[in-house]
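Colleague: My questions all concern the structure below.
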Amino acid sequence: MTSFAKQLLDWFDQHGRKSLPWQTDKTPYRVWVSEIMLQQTQVATVIPYFKKFLGRFPAVDELAAATEDEVLHLWTGLGYYARARNLHITAKKIMAAHNGEFPATVDELITLPGIGRSTAGAIAAICHDTHAAILDGNVKRVLARHFTIDGWPGGTETQKLLWKKAEALTPHDRIADYTQAIMDLGATVCTRSAPDCPACPYFNSCGARINGTIGQYPGKKPKKVMPLKSTVMLIAELNRNVLLQKRPSKGLWGGLWSFPECESVNAIDSLLQSLNLEELERTVMPQFRHTFTHYHLDIEPVRVIVRETNRIAEPGEEIWFNVSAPQLIGLTKPVTKMLAELPDNEAQ
Ligand code: SF4
């Protein structure tokens, strides 16, 4: 075992977290759900979502049997919804092709949707004691700082170097503990903005700390000017119900429910017409910006109180969403925000 691994395990034995909800009963299913939730999201945010999700779907067969709407509903607020859709698809695959059992090898695990090399490594190492390296955001940060590895970790060359390091350092003994430990060190000590170097087992060997260059690692993503797009969202409201449409499962906000859209406020009339809705009163609400990884989207909400018609929402594609007693469906973040800001019209 390298001294890097030995120092880390000594630290983990004394200071590592061992009672996080997914650490207490380490089944591949629980570790998988936690790993997917922890991609892009902090531990403190994940814990309540994890508990709620596992409370509703304690095992992979229950997740496989759920509707996509319910899965997305439990994910609402966590963001990066492709993670939830892939979780659901993978659960079905595990039931159909693997008799409900998770494969044990990295090679098999990475064939499943949403499971990349690092997540596969974590499941194999933590649940099956397989010698497999991981390289999530926390590990990248620790390795980049300790070994002063330049460049943005998402770049091909830097990524290759980091994987090589991660593999060389991963021990054959206590692989499950080592895997937990390196993630834990990045999450609790070698944090992004305020690393607690005096509490770190690598205080004396870390290159970035010794050189006083911690802020330079990991390297920043090369800056691109983000394009700006805009849309108008129609909040058609009828007796505290608003009309939502289900988005196609592929593409932006796939499978989530959102408001009907048009290009400009001038196009609201024809949108209402195409939806067979009759306008009673209109308010243009303040514009706001939603930022995705690749672009900004300026959203202009237009609230229109509509008259009761014989119109029936298309089943499975449209829903009159009850604002006072919400149905259990997945909503986009801007929709959640707009619903929260909707004026209470009970007095009308
Ligand atoms: S010494 Fe500081 S910068 Fe280096 S690995 Fe430890 S916490 Fe991170």
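Colleague: Which of the aspartates and glutamates could a cross-linker bridge to Lys18, judged by Cα under 13 Å and excluding same-chain residues fewer than eight apart?
Modeller: Within the straight-line cut-off, Lys18 pairs with Asp177, Asp184.
Colleague: Another one. Checking the cross-link filter: which lysines have an alpha carbon closer than 17 Å to that of Lys165, excluding same-chain neighbours under 8 positions apart?
Modeller: Answer for Lys165, where 17 Å is the Cα cut-off: Lys6, Lys140, listed by chain and number.
Colleague: Can you quote the Å³ per residue value for the convex hull of the Cα atoms in the stretch 1-150, rounded to an integer?
Modeller: Details: hull volume 18.7 nm³, N = 150.
That works out to 124 Å³ per residue.
Colleague: Could you order peptides 123-134, 152-163, 232-243 by the average number of other Cβ atoms within 10 Å of their residues, highest first?
Modeller: Per-residue Cβ counts within 10 Å, averaged per peptide and sorted highest first, yield 123-134, 232-243, 152-163.
Colleague: Round to a whole number: what % of the accessible area of the stretch 228-340 belongs to carbon and sulfur, probe 1.4 Å?
Modeller: The C+S portion of the solvent-accessible surface of the stretch 228-340 is 49 percent.
Colleague: With a 1.4 Å probe and every protein chain kept in, tell me what percent of the accessible surface of the stretch 3-216 is carbon plus sulfur.
Modeller: Values: 4950 of 9650 Å².
Carbon with sulfur: 51 percent of the solvent-accessible area.
Colleague: Roll a 1.4 Å probe over the protein chains and send me the accessible area per residue for the stretch 58-191 in Å². Display every interim value, and only then the final one.
Modeller: On the way: 5400 Å² over 134 residues.
The answer is 40 Å² per residue.
Colleague: Can you give the Rg/Rh ratio of the chain, where Rg is from the C-alpha atoms and Rh is the Kirkwood radius?
Modeller: Expressed as Rg/Rh, it is 1.05.
Colleague: List the lysines whose alpha-carbon lies under 27 Å from that of Lys229, not counting same-chain residues fewer than 8 positions away?
Modeller: Lys220, Lys221, Lys246, Lys250, Lys333, Lys337
Colleague: Another question, then. With +1 on the Cβ of every Lys and Arg and -1 on the Cβ of every Asp and Glu, and nothing else charged, how large is the dipole of the chain about its Cα centre, in debye rounded to the nearest 20?
Modeller: My answer is approximately 1280 debye.
Colleague: Quick one: check the C-alpha center-to-center distance for the stretch 73-112 versus the stretch 171-228, whole angstrom.
Modeller: 28
Colleague: Classify the stretch 243-345: rounded, prolate or oblate, from the alpha-carbon gyration tensor (a ≥ b ≥ c, eigenvalue square roots; a/c under 1.5 rounded; otherwise prolate if a/b is larger than b/c)?
Modeller: It is rounded, given that a/c, with a ≥ b ≥ c, falls under 1.5.
Colleague: With every protein chain in place, what's the accessible area of Cys262 (1.4 Å probe, Å², nearest 10)?
Modeller: Using a 1.4 Å probe on the heavy atoms, I get roughly 20 Å².
Colleague: Below 8 Å, C-alpha to C-alpha, sequence gap of six or more: please give me the relative contact order for the chain in percent.
Modeller: Numbers: 514 pairs, mean separation 57.4, N = 348.
That works out to 16 percent.
Colleague: Using 5 Å bins from zero, what percent of all Cα-Cα pairs in the stretch 267-318 falls into each bin?
Modeller: Final binned percentages: 5, 15, 19, 19, 16, 15, 8, 3, 0.
The values are calculated or read from the model by the stated rules, or taken from the named source; none is laboratory data. These numbers come from a predicted model, not from an experiment. No Cβ is skipped: glycine too gets one built from the backbone with ideal geometry, and neighbour counts run over all protein chains shown. Please note that ligands, DNA and RNA were not included when accessible areas were found on the heavy atoms of the full protein model with its side chains. Shrake-Rupley method; radii C 1.70, N 1.55, O 1.52, S 1.80 Å.
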